[in-house]
Structure formats: structure tokens, C-alpha cells
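Visitor: One structure is given below, represented as C-alpha cells, and several questions about it will come after.
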Amino acid sequence: MSDKDEQMPSIFNGMLSLLRRDLALAIKRPGDILNPLFFFAMVATLFPLAVGPGEEQLQFSGPGVLWVAALLATLLSLNSLFLADYEDGSLEQLLVSPIPLSAMALSKSLAHWLTSGLPLVIVSPLIAITYQMSLAVTGVLMATLLLGTISLSLLGSIGAALTVGLHRGTALLSLLILPLAMPVLIFGARTVSLVAAGDGVAGGLYFLAAYALLMMSISPFATAAALRISNE
Amino acid sequence: MWKFFHKLASPPHFYRIAKSMIPWFAVPGLLLFAYGSYAGLFLAPADYQQGDAFRIIYVHVPSAYLSMMAYMIMAVSAGIGLIWRMKLAHAVSAAAAPLGAWFTFLALATGSIWGRPMWGTWWEWGDPRLTSELVLLFLYFGYMALRNAIDDTTKADRASAVLALVGAVNIPIIHFSVEWWSSLHQGPTLVKKGGPAMDTAMLYPLLAMILGFTFLFAALLLRRVRTEVLYRERRKRWVRDLILSANGKS
């Protein structure tokens, strides 16, 4: 009995080693982290070119544009969340491992957030400056992105797990995730706009935090169920 | 009672029972629909503010209600199918999705046509119900797209069931957030809650239409589930016997 206990890796250790592995893989292939960031910056560049350079216009549309760009950039990186693991068979190893699959799913989501959401938060001030946002508004933008991208990573994991192994999964993934991501977009972008207009910030941030917590409690289980179904 | 449900879950049994059940929904549905259409279009008085344009509610309100009802049916039966591995429940879920999408589209289209004379625009982003209805349509599309993308029926059933359940958790949140978002918009909302009480001459046709639409929806759903069951069980013996006996008769 005690032998078995020793052999069984603890859930936390398992999650940690999966996280470490995913981060190591991401660092080995920096393109996976950088490409969505370039995409984010480029979409943010497209809008002023399309709608005109007026300062007032940019300040007005900035929060919305940056949030849509962040949402699309997150979506771009979601497709590969389980793909490599699926192709090289390590996903099956996760499925048969004694550690609960939902814990592993949470770890994968966290790794995805660290390699896609967090970098977005870090570069967002650079873009915000070009949109003439004040320091306070930039801070709120970062806060909303920080909370919102957590939800997006968790929500996206479900979609990525459902579409892993399907041909032409990218377009399908967007179709599945975008409607569900609407609350995050609405609260993220509107909170920044409200602050820019001189309103309070707490309500929106509370909502984003609450939504992130809700997703944290649903997503691992839904992702685990979806992974099992996709790998039948 | 339980035995009845257990028997209902068997596809051949359901196929037979559903056939006898359809008229019980279709006939009252058609009667109510006919009464509601006639009374709504001709007997009900014109609205003192909106004139005859208000009459579109006789299609709009039942469609909007059914668009949400269908999602609920879809999600609940998806959950039942996922938990108890009941094949019939998945068939119901698969059959409900296109119907729900259609009613959602109908609600959007009639809402848009109604909005033209009332609000002066075909589309008003400021109205939260319009926007969340549109999101609901996208959710239906996503569900059906996922189903179509997976070839294996069992796998498609279970994957789309997970999506339907995640969507069901999100729908109230989406609706709430869209409402919060639009409440910040400037401009008056023309359709108010708790507006002037409805005259009974207007109300009864509406209730008849809602009930009639529901009955017709049930009849259509049963019909679609029957077809779905037949298709899914196409390699089973009872389907072959059914077809052979049908051929023998003719």
C-alpha cells in the first residue's frame, strides 16, 4: 500500500511538471509566443489606418479595438494548445495518467495564459500609448486584459479540446468560442471606455474577476470531458 | 410510470409512439395557429401608438420564446445523453438545434422588420434583446458546425453535448452583460417593460399563437427526432423490417 502511495505522483507535482514542460517547449519555439503578439500589434495598427488618425477618434475607439485585437490574438494561439500533444501522442499519456485529467487541463490552460495572455498584457501599454491613452486608462486596460485573458484561455481550452484532431479546426474553433467570449469582450472594453470617460472602474473589474473564477471552476472539467471524447 | 420512460428510450418503441403522438400536437397547434392568425390580423384592434405594425408580435413573440425554449430542450437532453448515455436524448438534441436556429432567425427577422417603422432602423444595437438573440443564433451555428465536423455520430453527440452545456451556463451571463452594456448607451428604449396593459382582444390571439407555436414546434420536433432515429438506426434490424414491410404493402 505504501509502495503505491510513493509511486503515485501528487496532483500538484503533476500539474507543476506539465506546466514546466509546456513553458520549456514554448521557450524553445519563441515563434508561438511572438506571432500572436505581432498579430495583436498589426491589427491595432490597421484600425488607425482604416478609420483615420484623429486623436479623439482613436481615444474613443481605442479600448474596443485593442480588446478585439487581443481576443483575436488569443484565438490564434488556441488552435495549437492541444495539437502538438495530440500529434506526438503525449495527450494520450495524459489521459491514462493517474492524475485527474481536469487538473492537467487546468495546467494546460495556465500554460496557455502564461504564454499568450500575459505577454499581451505586457505589450499592451506600448499600443495604448500610440492610441493616446492616459496613464490611468492604460493601467485599467492592463488590469482588464489581465483578468479577461484568463477567462479567454480557460474558455478557449474547452473549444480547443473539442476541435483537437478535426480537420479545418481553426475556423470551427472561432465559431465555437467567439459567442461565448462576448461577456469578456463587453466588460473588458466597456470598463476601459468608462474609465476614459471618467467613470468608476470597480464594477467591470469585479465582473471580469468573477467570470474568471466561474470559468476556472467549469473549464477544467469541460475540457477534460472534451479531451476524452476527442480521443475515443 | 418509470417503465413507460424506459420503453420510450428504446428507438423502435419511440419511433412507433412518436408517430401516434404527432397528430395530438399538430392538430391543436394548427387550430390555435389558425385562430391566432385570424384574430391577431383581423379581430384585434390596432394599437393606439403603433397602428397595425404591432401585429407582427403575433409571430415575433412566439418565435423569440421558442428560440430560447429550443436551446433549453437541446441542452437538457444533451445533458441527459451525456450523463445516462441515452442515445435517444442525443437524437432529440440533434433534432432541436436546426429548429431552434430557425426560430431564432425568425425572431430576429420579424424584430428587424418591426424595428423599421418603430425605431426607424432595421437594426438597433442598443436593444439588448436583439443583440443577445443574435449571439444565440451564433451559438446554434457553432453547435451545428461542431456536429457536422465530426463524422462519428457517438463522438459528435458527446462533443456537441459538452458545448451545449457550456453554452447553457453562458447564456444568462451573455444576456446580462449585453443588457449592462446597452444600458450605458444613450437614447431612449422604445419598448419598455410593463408598458400599457394589453387589451384582451389583443392578448388572447397572442396567447393562442404562443401555445399554437409550441404545439407545432413539438410536432415538428417529434417528426425530426423520428427521422433522426431512423437514420441513426439504419443498420439495425427493425429498420430493415420496417422498410421491407412497407415495400410489401405497396
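The values are calculated or read from the model by the stated rules, or taken from the named source; none is laboratory data. As the structure is a computational prediction, the values presented were derived from the model and not from experiment. Neighbour counts run over all protein chains shown; Cβ positions are idealised from the backbone, glycine included.
Visitor: Take the range B:34-79 and flag every residue that is of a type outside the set (Asp, Glu) and not in a helix (DSSP H, G or I).
Guide: Answer for the range B:34-79, where residues must be of a type outside the set (Asp, Glu) and not in a helix (DSSP H, G or I): B:44, B:45, B:46, B:48, B:49, B:50, B:51.
Visitor: Residue B:91 passes all but one of (1) at pLDDT 85 or above; (2) not in a helix (DSSP H, G or I); which number fails?
Guide: The number of the failed condition is (2).
Visitor: One residue is enough: does the range A:130-139 have a residue meeting the conditions away from every other protein chain (no Cβ under 11 Å), more than 29 Å from residue A:100 (Cβ to Cβ), of a type in the set (Val, Ile, Thr) and out of contact with any helix residue (DSSP H, G or I) (no Cβ under 6 Å at 6 or more places or on another chain)?
Guide: Yes, that holds for at least one residue.
Yes/no per residue for (1) modelled with pLDDT of 90 or more; (2) touching a helix residue (DSSP H, G or I) at 6+ places or on another chain (Cβ under 6 Å):
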{"position": "A:165", "(1), (2)": "no, yes"}
{"position": "A:169", "(1), (2)": "no, yes"}
{"position": "A:178", "(1), (2)": "yes, no"}
{"position": "A:187", "(1), (2)": "no, yes"}
{"position": "A:195", "(1), (2)": "no, yes"}
{"position": "A:208", "(1), (2)": "yes, yes"}
{"position": "A:226", "(1), (2)": "yes, yes"}
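Visitor: Now a separate question. Which members of the range A:192-203 meet the condition of being outside any loop (DSSP other than H, G, I, E, B) and either at the interface with chain B (Cβ under 9 Å from one of its Cβ atoms) or among the charged types (D, E, K, R) (or both)? Step through it out loud before you land on a result.
Guide: From the range A:192-203, those outside any loop (DSSP other than H, G, I, E, B) are A:192-196, A:202-203; that's our starting set.
Of everything in the range A:192-203, those that are outside any loop (DSSP other than H, G, I, E, B) and either at the interface with chain B (Cβ under 9 Å from one of its Cβ atoms) or among the charged types (D, E, K, R) (or both) turn out to be A:193, A:194, A:203.
Visitor: Every residue in the range A:163-173 that is surrounded by 24 or more Cβ atoms within 10 Å (Cβ to Cβ) and more than 10 Å from chain B (Cβ to nearest Cβ), please.
Guide: Matches in the range A:163-173: none.
Visitor: If I go through the range A:67-102 residue by residue, how many of them are under 19 Å from residue A:221 (Cβ atoms) and either in contact (Cβ under 8 Å) with a residue 60 or more places away in the chain or not in a helix (DSSP H, G or I) (or both)?
Guide: 12
Visitor: A further question follows. Just to check your reading of the model, which residue among A:136, A:128, A:160, A:189 is surrounded by fewer than 21 Cβ atoms within 10 Å (Cβ to Cβ), on the phi < 0 side of the Ramachandran plot and either assigned to a helix (DSSP H, G or I) or in contact with a Leu (Cβ under 7 Å, 6 or more places away or on another chain) (or both)?
Guide: Unique residue meeting the criteria: A:136.
Visitor: Quick one: which residue in B:120, B:111 is at positive phi and more than 10 Å from chain A (Cβ to nearest Cβ)?
Guide: Residue meeting the stated conditions: B:120.
Visitor: Go through the range B:157-167 and count every residue that is more than 8 Å from every other protein chain (Cβ to nearest Cβ) and either closer than 16 Å to residue B:72 by Cβ or not in a helix (DSSP H, G or I) (or both).
Guide: 3
Visitor: Also, quick follow-up: Which count do you get for residues in the range B:54-74 that are under 14 Å from residue B:98 (Cβ atoms) and either small (Gly, Ala, Ser) or surrounded by fewer than 23 Cβ atoms within 10 Å (Cβ to Cβ) (or both)?
Guide: Total satisfying the criteria: 3.
Visitor: So how many residues does the range B:218-250 have that are closer than 23 Å to residue B:99 by Cβ and in contact (Cβ under 8 Å) with a residue 24 or more places away in the chain?
Guide: 15
Visitor: On to the next question. State which residue is nearest to the other protein chains (Cβ to nearest Cβ) when the search covers only the range A:140-159 and only residues that are touching a Ser or Thr at 6+ places or on another chain (Cβ under 8 Å) and among the hydrophobic types (A, V, I, L, M, F, W, C).
Guide: Looking at the filtered set, the residue picked out is A:158.
Visitor: Of the numbered conditions (1) under 15 Å from the mean Cα position of the chain (by Cα); (2) in contact (Cβ under 8 Å) with a residue 24 or more places away in the chain, residue B:117 satisfies every one except a single condition; which is it?
Guide: (1)
Visitor: Look at residue A:211 and say whether it is within 21 Å of the chain's Cα centre (by Cα), farther than 14 Å from residue A:103 by Cα and surrounded by fewer than 14 Cβ atoms within 10 Å (Cβ to Cβ). Spell out how you get there, then give the answer.
Guide: Working: within 21 Å of the chain's Cα centre (by Cα): yes; farther than 14 Å from residue A:103 by Cα: yes; surrounded by fewer than 14 Cβ atoms within 10 Å (Cβ to Cβ): no.
Spelling it out, it is not the case that residue A:211 is within 21 Å of the chain's Cα centre (by Cα), farther than 14 Å from residue A:103 by Cα and surrounded by fewer than 14 Cβ atoms within 10 Å (Cβ to Cβ).
Visitor: All but one of (1) hydrophobic (A, V, I, L, M, F, W, C); (2) within 30 Å of residue B:236 (Cβ to Cβ); (3) under 16 Å from the mean Cα position of the chain (by Cα) hold for residue B:88, so report the exception by its number.
Guide: (3)
Visitor: For the range A:212-222, indicate whether the set of residues that are part of a helix (DSSP H, G or I), touching a residue at least 24 places away in the same chain (Cβ under 8 Å), more than 10 Å from chain B (Cβ to nearest Cβ) and of a type in the set (Gly, Ala, Ser) is non-empty.
Guide: Yes: one or more hits.
Visitor: Name the pairs: first residue in the range B:145-156 and within 7 Å of another protein chain (Cβ to nearest Cβ) and within 14 Å of residue A:159 (Cα to Cα), second residue among the hydroxyl-bearing types (Ser, Thr, Tyr) and crowded, with 16+ Cβ neighbours inside 10 Å, Cβ to Cβ under 7 Å, at least 6 apart or on different chains?
Guide: B:146/B:160
Visitor: Being within 17 Å of residue B:218 (Cα to Cα) and buried (at least 19 other Cβ atoms within 10 Å of the Cβ) narrows it down to one of B:107, B:95, B:44, so name that one.
Guide: B:95
Visitor: Here is a further query. Can you find a residue in the range A:132-147 that is more than 19 Å from the chain's Cα centre (by Cα), more than 15 Å from residue A:63 (Cα to Cα) and in contact (Cβ under 8 Å) with a residue 12 or more places away in the chain?
Guide: no
Visitor: If you go through the range B:105-149 one residue at a time, how many are within 14 Å of residue B:57 (Cα to Cα) and of a type in the set (Ser, Thr, Tyr)?
Guide: Matching residues across the range B:105-149 total 2.
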